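Quick note: the coordinates plus some simple rules give every number you see, no bench work behind them. It should be emphasised that the depicted structure is a prediction, and the values quoted were computed from it without experimental measurement. Counting neighbours? That spans all protein chains shown, and the Cβs are built from the backbone with ideal geometry, glycine included.
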Amino acid sequence: MRYDNDLDWQDEALCRGLSVEIFFPREDDEDTQALAKAICDHCPVRVKCAIYALHNPELEGIWGGLTEKDRRKKKRNRNQQARRDRVREQNTGMLVP
Ligand code: SF4
């Protein structure tokens, strides 16, 4: 899904009106994190929310069902995959005249 700065999706957020504390738990508070993730699982704008958070690394808390740690891991995996793709592309280019 393409990223844009449009935040209209937040109008449909399932977390609207819920306690902010649910989505900004301490890093060791696994129960609250699980509750937030369960809410996100049913949110109609989860994908847009996650993409927004992945493009705004300064954000804290749980967005799109992802904790900060989840987002860092996703970003790391995405960067590693991009590096592997570049190497594969370069190697393919060397084989094809
Ligand atoms: S995915 Fe979670 S954090 Fe994002 S808008 Fe929905 S309920 Fe809120």
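What the table below lists for this structure:
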| quantity | calculated |
| --- | --- |
| Condition met for ARG16 (out of contact with any Ser or Thr (no Cβ under 8 Å at 6 or more places or on another chain), in a helix (DSSP H, G or I) and basic (Lys, Arg)) | no |
| Residues (near the ligand (Cβ under 8 Å from one of its atoms) and touching a Gly at 6+ places or on another chain (Cβ under 6 Å)) located in the range 12-36 | PHE23 |
| Filter pass, LYS75 being more than 19 Å from ILE22 (Cβ to Cβ) and surrounded by 10 or more Cβ atoms within 10 Å (Cβ to Cβ) | yes |
| One residue from CYS49, CYS43 being touching a Leu at 6+ places or on another chain (Cβ under 6 Å) and surrounded by 17 or more Cβ atoms within 10 Å (Cβ to Cβ) | CYS43 |
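Per-residue answers, yes or no, for (1) part of a helix (DSSP H, G or I); (2) among the charged types (D, E, K, R):
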site	(1), (2)
ASP11	yes, yes
GLU27	no, yes
ALA36	yes, no
CYS40	yes, no
CYS49	yes, no
ALA53	yes, no
